[in-house]
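Novice: This is the structure I have questions about; it appears just below.
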Amino acid sequence: EVQLVQSGGGLVQPGGSLRLSCEVSEFSSVIYHFDWVRQAPGKGLEWIASTCCDARSSNYADSVRGRFSISRDIARNSVFLQMNNLTGDDTAFYFCAREGNPYSDYHSFDDWGQGTLVTVSS
Amino acid sequence: DIQLTQSPSFVSASIGDRVTITCRASQDINSYLAWYQQKPGKAPKLLINAASTLESGVPLRFSGGGSGTEFTLTIGSLQPEDLAFYFCQQVNGEFAFTFGGGTQVEAK
């Protein structure tokens, strides 16, 4: 069973930056899609970013576009989320996820990291 | 973006009850819908994909149905381990991957 292990997160001041990492326990072909999802404390799930294949294949939610950047390091089996110009609205648990069968039209999020808390506060 | 509206937002049911949660999409999404279960402090777990396909290892008391704009998740006989939050998600890669607002299933 594949495992996604997250690191990064913590307390950051408004306007600051943070980088989250997500290491996958097994090799994921370049064609696998990865996503980041966040959840404000006590709230629902919000998809924020996805990537596949190369940097040109990245997509973002309106709430983070231009501030967040998703990337992959295939050799290190890792996915990253660079978060810049953070505000209090970005305070949330952040989850990475690997989508299922890359040849499927159904982009369900089959495997998830354990989540990491990002708190934006002065 | 496609909006997903779940109802009810809260369910209080007895162990052994049949529980049904509804997810309505703001436009036709065919069968591009998934259901997740989330327990406090844990990551979501995929239960059902393509509206009605049960993931491996998920108990058979869970079932999904519907297509187009209206979908359901049914727990045939509620068990203590099923007390959790449930979310629907549209999974068509042509659109943003929106989630429903969630339904909390609690024991009566």
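The values are calculated or read from the model by the stated rules, or taken from the named source; none is laboratory data. Everything numeric here is computed off the predicted structure, so don't read it as measured data. With ideal geometry, Cβ positions are generated from the backbone for all residues, glycine too; neighbour counts draw on all protein chains shown. Areas reflect the complete protein model, heavy atoms only, side chains present, ligands, DNA and RNA absent. Shrake-Rupley method; radii C 1.70, N 1.55, O 1.52, S 1.80 Å.
Novice: Hey, among the residues in segment B:78-108 that are facing chain A (nearest Cβ under 8 Å) and in a strand (DSSP E or B), which one's modelled with the lowest pLDDT?
Specialist: Only one residue fits best here, namely B:Asn92.
Novice: Which of (1) closer than 18 Å to A:His107 by Cα; (2) under 11 Å from the mean Cα position of the chain (by Cα) does B:Thr74 not meet, given it meets every other one?
Specialist: The number of the failed condition is (1).
Novice: Here is a follow-up. Look through segment B:55-69, keep the residues that are of a type in the set (Gly, Ala, Ser) and in contact (Cβ under 8 Å) with a residue 12 or more places away in the chain, and return whichever of them is surrounded by the most Cβ atoms within 10 Å (Cβ to Cβ).
Specialist: The residue in question is B:Gly64.
Novice: Could you run through segment A:90-106 and say how many residues are over 18 Å from A:Ser71 (Cα atoms), over 15 Å from the mean Cα position of the chain (by Cα) and open to solvent by 20 Å² or more (accessible area, probe 1.4 Å)?
Specialist: Here the count works out to 5.
Novice: For segment A:86-112, enumerate the residues that are part of a loop (DSSP other than H, G, I, E, B) and facing chain B (nearest Cβ under 10 Å).
Specialist: Within segment A:86-112, A:Gly100, A:Asn101, A:Ser104, A:Asp105, A:His107, A:Ser108 qualify.
Novice: Since B:Ser52 meets every condition but one in (1) in contact with a strand residue (DSSP E or B) (Cβ under 6 Å, 6 or more places away or on another chain); (2) more than 16 Å from B:Gln90 (Cα to Cα), which condition does it not meet?
Specialist: Result: B:Ser52 fails condition (2) only.
Novice: When the residues of segment A:21-54 are narrowed to those that are charged (D, E, K, R) and more than 9 Å from every other protein chain (Cβ to nearest Cβ), which ends up nearest to B:Thr5 (Cα to Cα)?
Specialist: Step by step, filter segment A:21-54, then rank; the result is A:Arg38.
Novice: Of the conditions (1) surrounded by 14 or more Cβ atoms within 10 Å (Cβ to Cβ); (2) without any contact (Cβ under 8 Å) to a residue 60 or more places away in the chain; (3) within 28 Å of A:Gln6 (Cβ to Cβ); (4) within 12 Å of another protein chain (Cβ to nearest Cβ), B:Ser52 satisfies every one except a single condition; which number is it?
Specialist: (3)
Novice: Follow-up. List every residue pair whose Cβ atoms sit under 6 Å apart, with the two residues 6 or more apart in sequence or on different chains, where the first one lies in segment B:1-26 and is open to solvent by less than 60 Å² (accessible area, probe 1.4 Å) and the second, anywhere, is assigned to a strand (DSSP E or B) and of a type in the set (D, E, K, R).
Specialist: Filtered contacts from segment B:1-26: B:Ser12/B:Glu106.
Novice: Identify, from the list B:Tyr36, B:Tyr32, the residue that is in contact with a Leu (Cβ under 8 Å, 6 or more places away or on another chain), touching a residue at least 40 places away in the same chain (Cβ under 8 Å) and within 12 Å of chain A (Cβ to nearest Cβ).
Specialist: Sole residue among the options that is in contact with a Leu (Cβ under 8 Å, 6 or more places away or on another chain), touching a residue at least 40 places away in the same chain (Cβ under 8 Å) and within 12 Å of chain A (Cβ to nearest Cβ): B:Tyr36.
Novice: Another question, if that's okay. Return the residue satisfying two criteria in turn: it lies in segment A:113-122 and is outside any strand (DSSP E or B) and facing chain B (nearest Cβ under 7 Å), and of such residues it is surrounded by the most Cβ atoms within 10 Å (Cβ to Cβ).
Specialist: Top of the filtered list is A:Gly115.
Novice: Something else now. Select from segment A:12-64 the residues that are charged (D, E, K, R) and either in contact with a helix residue (DSSP H, G or I) (Cβ under 9 Å, 6 or more places away or on another chain) or farther than 30 Å from B:Gln104 by Cα (or both) and list them in ascending order.
Specialist: Passing the criteria: A:Arg19, A:Glu23, A:Glu26, A:Arg38, A:Asp54, A:Arg56.
Novice: Of the residues that sit in segment A:29-69 and are of a type in the set (A, V, I, L, M) and open to solvent by 10 Å² or more (accessible area, probe 1.4 Å), which one is modelled with the lowest pLDDT?
Specialist: A:Ala55
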